[in-house]
Amino acid sequence: MSFFKTLKNGATVTASSYKLILVIWISMLVLTLAAGYPLKAFMNSIFGKSMITERLNDGFDIALAGEIGKPFGALVTSVTAGTVLVGTAGFILMVFFAGGLFRRFTLAEGRLKVSEFLKASATSFMPFLWITLLMMLIIAGYTLLVIGVPALVMVLVSGSKMPSGNGIYIFYVIWALGMPLWLFVADASRRWMAATGSRQVFRAIGAAFRALRERFWLNYGIVFAVVVLNLLLVLAILWFAAFATPDKGIMVFLFFIATQALVVVRLMMKAWRYAVVCEAVQQQRGEAIP
Amino acid sequence: MRKIPWVIMCLLPFIASGQIVIDKPLSPRLTGYDMNVTLDPDAHTVSGQMTAWWVNHSSMPVGEAMMHMYLNAFCSNKTTFAKGRWSAAGDDGWGWVKINSIFDGSGNDLIDSMGFVSPDDGNEHDKTVLRLALPSPVAPGDTLVLVIDFTSKLPSPIQRTGYEGDFHFVAQWFPKFGVYETAGMRQREADGWNCHQFHPNSEFYANHSVYNVSVTLPSEYVTGSGGMLIEETDLGEGMKRVIWRAEDIVDFAWTAWPGYKVLTDRWKGVDITFLTSEPALKKADSQFQAVKYALEYLEERVGPYPWPHLTFVDPPMSGTGAGGMEYTTLFTSMGGGMVPSFMKMPEMVTIHEFGHAYFMGILASNEFEEPWLDEGINSYWEQRIVDHYYGKGYGLLKLPFIRLSDTDQGRMTYITSPSRGIATNDLPSWMYPHGTYSMMSYSKAATWLHTLKGIIGTETMDNVFREYYRRWAFRHPSGKDFIAVVNDVVRSEHGDRFGEDMNWFFDQVLYGSGICDYRVSGITSNKIRSYSGVVDGDSVTYTRSDRRSDTLYISRVSIERLGDVKLPVEILIGFDNGEEVLEQWDGKELYRDFEYTGARKPVWAKIDPDNRIDMDVNRINNSWTYEPDRTAARRMMNKFILLMQMMISIFTI
Ligand SMILES: [Zn+2]
C-alpha cells in the first residue's frame, strides 16, 4: 500500500462520511453559539443607541474597554468562564463523536446511518474518554520532557530568568517532529477499540504501538503529511479571521458562512487523519478487522 | 564664606564659566560639583572627595545650607521612602551616604554643624535632608564652598539607583544642595531653602549645575553618564579613570556594568550614545529612531535641545529597577529585548524619558511639589510623539484587528480609575491619597492638556509651549507661571473668545476634582398637527385633508451635563435628509435642548464629534442614533465562535 494511495483512500472514506461530519459541525456550532450569543447581547446592551461602535470597524480599539469601564471586567470574566465551560463541553463532544467516526472508518464497506453513528459514539464514549485523557497525559509528559527540561537546564546554566538564545528552538523542532508518532498511537489505539469492540485501554495502546512498528516510516509519513496540512489550514483560518473586518451587514453574514465552511473543512481534514490511520493499519493487516 | 582658599579661587572661574560642553552658560549656574571618586564593585560603594559650591543669589545673607542625602532613603525600612514598600535584599542591600569629613572654603570643620531634619513628615528615622549651620552667613553674591569626603553605598534591589550583581546604576548618590528660592520665585513669600525628603512617589528638584566627575573603577566595566566624556585613562593594574563634564543639568547619574554593548549615532549636532545589553541589541535601531523622533518633534514645537551629547541606557533584566528614569542628558528606557516589534512600549518609554530633558531638565519645575508640571506635561508630549510617528494615530499598538493609541492608553488610566475624583491635581507628590499619584500626575494631567489643545487648537497649544520655553528655560517655573503663559498666548491669539483668561479651565481640571461627562439623552420628533381641541367652549377639529398636509415636524435633540466640569462642546446633528448641523454649547447648564422645526428630522447626534474633549470620562453616551450599527458586535461574535471551534478541534486529539 503506497503512501499516496493510503492518503487517497482515507480521503474517499472521509468524503463519503460528510453527513457525519455535518452532524459534528452542527453540534459544535450550537454549543459555541451558546457562549457567543450572550457576548453579542452584552455588547449591544452596553453600546445601546451609541454610535461609538464605529470605532470597532477597523478592529478592536482597546480604548473602548476603558470607555465601557467596570462592566468590561465583568465581560472578560464571563467570557473566560464561558470559554472554559464551552471548551470542556466541546472536548467531551469531540471525544463522543470520535467513537462514531472510528467505527465508520473500521467498516470494510458501506455507510453508517446518522442514528448508527450516534449509537456507536455513545457505546464507545467511556473508553474513548479514558484513552483520550491518557494520550493527552502522555503528550503532556512528552512536552515536558522535550521542551520543559531543556528550557529548565538552559535557565539554570545561563542564570537568566528566561531561556535565551536560539538553542531552545531546536527542542521545539524535535517536539514537533515527534508529535505525529503520538497522534498515530492515539488514532490507531482508538481504531483497535472500534474494530474489536474491546474496552481495554492499555491493550489498545499496546496494539497501536505494534501497528506503528510494523511499517514505521509509512505510518509516520502519512500522519506527518496530514498533520502538516491540518496545521496550514488552521493557520490560514486564524489568519483570515484575524485580518477580516467586514463592516456591512451582508458582509458579516458572508463572513459567518465562510468561517463556518472553513470549520467544516477543518473537521473533514481532522477526520481524514483518523481515516488515514485506519486505512494504514487495516491495509498492513490485509483486512478490516484484526 | 568670604575667604576662599586660593586653590579653589583659581579653580572657580574654570568651574563656573569654563566652557567645555556648551558655548555659553545656559543657566545661572548657582551650584556646581567637582568629584573624584572610586567605585568598589564588590562592596558596591562609591567614595571620594567632592567640592561643592553654591552662590547666594538672594539679597539677604544666608546662615544655613540644606542638602539632599537621597541614598539614606535606603538605610532602613523606617525611612519615609522605604516604609512598607522597600527593603534591602539581605544585609548587603541597604544603601546610605555618609559624610566622613566636611570643611568650608575657609577650612572650618563643619562636621559638628550637621543635623538631619524632616520638614515634610517629621519622621525621626528619615535622614534624607541634611541641615548645615554655617559658622558665618553667606553674604549676597558670595559663594559657599564645601569640601566633602563621602562614601555612598548603593542599595539593592534597585529602585532607580542601586546594584544587582555587577550591574551598577549610580543615581541620587552624592550630598546635593537643595534649591535656595527667593521671595516671588514660584510664588514664594519669603526666601528660603526648598529641600524635601525623599518620598516613595516623589522625584526631584535642583538648580542647573556644572559637574566635573572623575571615577576610578576596574577596567572591565563599561560606563556611561549624563556628562560628556573628557578622558578615559588606563591606570594599570586593571583599573581605569573616566572623567566626565556636564553643564547646566539638574542631576548627574552614571552607570557601570561589564556587559554593556555601546552603540552611537548622531542627530544634527547631538551625539547619541546607547548602552544596551546583548538580548536588547535587536531593538537598537528602533530605539535610536525613537530618540530622533522625540528630538525632532520637541525642537520643532517647544525649543532647541541645547546639549551636544545624550546618553541612554536599556538596562539588562537584572537592572530593570533602574529603567524608565531621567537625568536630562542621561536617561534609561526599558524592555527592549522583551517586547515584540508591533508593540511600541520600549519606544514609548524612550520618548517619555527623553522628553524629561525638556520638562524638568530645561524647564526645571519642582517635581516634589508640582509633579504634574513634569510628568503630566511630559506624558502629554510623549503621547503626541508616539501617536504621530507610529501607526497613524495608533502609536502603541496597531494590528489589523486590534489597536491602541498612546493618548488613549493614558486617558484610560484616568477614566477607569475609581478614585479619579477624590483629589485635585495640584498636590505635592507625596500628598496624593489612595495611590492616585501616578494616575493624577501623569494620566489626568496629560488628559486635560489634550483637552486644552482641543479647545484652543494645536497651533495655539504649540505656541504656548514655545513661549513657556522662551520665558522659563533654565529657570524654575511653577504651575501658576505655566498658566500665566497659557493666558497670555491664548489672549494674544484668540482675544477674549475663551473669556478674559483660561483660569476657568485650570480651576476645574487642575485645582478642582470634578469629572466631565456629557451625554445625548435622546432625540424626539413629533408631527406638527393642525389645530385641534376646545377653544372658548367650541371644539375645533381638523379635516382629513388637513391631516394629509401635516408634513412638518418639531424635533428635539436633548443633551445633558452629568459631571461637574463645564467645558464648551460642539454637537454634530445628522438629519434624515443627509444634512448635518454643527451646534455650539458653552456646556454650563445641566441640560440643553436643540429644537428644529421643518420637514427634516434629526436621526443622530454626536457630542464632541472630533474627540477633542479627552476629559469626558464616557464617550459611549456622547452619541445617539435611531439605527445603531450592530455589525461590529455580530462580527466579534462570529470570530469568537470560530475561535472556540478551532480551539476545541485543536485540543481534542
Ligand atoms: Zn516621567
Legend entry - Length added when fully stretched, B:Asp40-B:Glu583, from 0.36 nm per residue minus Cα-Cα: 188.6 nm
Legend entry - Two-decimal log10 I(q)/I(0) for segment B:351-391, as the Debye equation yields it once each C-alpha is a single scatterer, q = 0.33 Å⁻¹: -1.07
Legend entry - Interface size A-B, as summed buried accessible area [1.4 Å probe, Å², nearest 100]: 5700 Å²
Legend entry - Unsatisfied cross-links (Cα-Cα over 26 Å) in the set A:Lys70/B:Lys601; A:Lys40/B:Lys566; A:Lys5/A:Lys270; A:Lys49/B:Lys344: A:Lys70/B:Lys601; A:Lys40/B:Lys566; A:Lys49/B:Lys344
Inset, instruction - Starting from the Cα coordinates of chain B, work out the convex hull volume and express it per residue in Å³. - result: 221 Å³
Legend entry - Cα gyration tensor shape of segment B:254-391, rounded if a/c is under 1.5, else prolate or oblate by comparing a/b with b/c: rounded
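Kirkwood hydrodynamic radius, segment B:518-626, all distinct C-alpha pairs: what's the number in Å? Each step should come with its number before you reach the end.
Numbers: mean 1/r = 0.0640 Å⁻¹.
Taking every pair of different Cα atoms in segment B:518-626, averaging 1/r and inverting gives 15.6 Å.
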Legend entry - Long-range HN-HN contacts of B:Ile230 with modeled amide H, under 5 Å: B:Ile243, B:Trp244, B:Arg245
Inset, instruction - Please give the per residue accessible area of segment A:173-290, computed with a probe of 1.4 Å over protein heavy atoms only, in Å². - result: 44 Å²
Legend entry - Cβ charges +1 (Lys, Arg) and -1 (Asp, Glu), total dipole of the protein assembly as shown, debye: 6100 debye
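Across chain B, where is the longest run that never hits GluC sites (Glu not before Pro) in a DSSP loop with at most 13 other C-beta atoms within 10 Å?
Values: sites that count: B:Glu124, B:Glu189, B:Glu220, B:Glu237, B:Glu500, B:Glu579, B:Glu589.
In short, B:238-499.
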Legend entry - Separation of the B:Arg475 and B:Ser530 label points, Cα + 7 Å toward Cβ, nm: 7.6 nm
Legend entry - Accessible surface of the protein assembly as shown, 1.4 Å probe, proportion on carbon and sulfur as whole %: 59 percent
Legend entry - Those residues of segment A:23-52 for which accessible area with every protein chain present is at least 40 Å² below the isolated value (1.4 Å probe): A:Met28, A:Thr32, A:Leu39, A:Lys40, A:Met43, A:Asn44, A:Lys49, A:Ser50, A:Met51
Inset, instruction - For n ≥ 4 DSSP H runs only, could you compute -39500 (n - 2.57) per run for chain B, divide by its residues and tell me the 222 nm figure to the nearest 500? - result: -7000 deg cm²/dmol
Inset, instruction - Report the semi-axes of the equivalent ellipsoid for segment B:575-653 in whole Å, largest first, where each axis is √(5λ) for an eigenvalue λ of the Cα gyration tensor. - result: 41, 18, 9
Inset, instruction - Take segment A:213-290, drop everything but the C-alpha atoms, weight them equally and run the Debye formula without solvent; then report log10 I(q)/I(0) at 0.15, 0.17, 0.24, 0.25 Å⁻¹ to two decimals. - result: -0.64, -0.73, -1.06, -1.11
Legend entry - Space enclosed by the convex hull of the alpha-carbon atoms of the protein assembly as shown, per residue, Å³: 235 Å³
Legend entry - Kirkwood Rh in Å, taken over all unlike Cα pairs in segment B:408-504: 14.7 Å
Legend entry - Unit charges at the beta carbon, dipole of segment B:132-236: most positive-side option, B:Phe150, B:Thr223, B:Cys195: B:Cys195
Inset, instruction - Note every residue of segment B:394-443 with a reduction of at least 40 square angstrom in accessible area, all protein chains present versus the isolated chain, computed with a 1.4 Å probe, or write none. - result: B:Pro400, B:Phe401, B:Arg403, B:Met412
Inset, instruction - May I have the pair-distance distribution P(r) for segment A:3-284, computed from all Cα-Cα distances with 5 Å bins from 0 and rounded to whole percent? - result: 1, 5, 9, 12, 15, 14, 12, 11, 9, 7, 4, 1, 0, 0
Legend entry - FRET E, pair B:Leu263, B:Ser513, Förster distance 45 Å, beta-carbon r, rounded to 0.05: 0.45
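The values are calculated or read from the model by the stated rules, or taken from the named source; none is laboratory data. Not measured: the values here are computed from a predicted model. Glycine also receives a Cβ, built like all others from the backbone with ideal geometry; neighbour counts cover every protein chain displayed. SASA here: full protein model, heavy atoms, side chains in, ligands and nucleic acids out. Shrake-Rupley method; radii C 1.70, N 1.55, O 1.52, S 1.80 Å.
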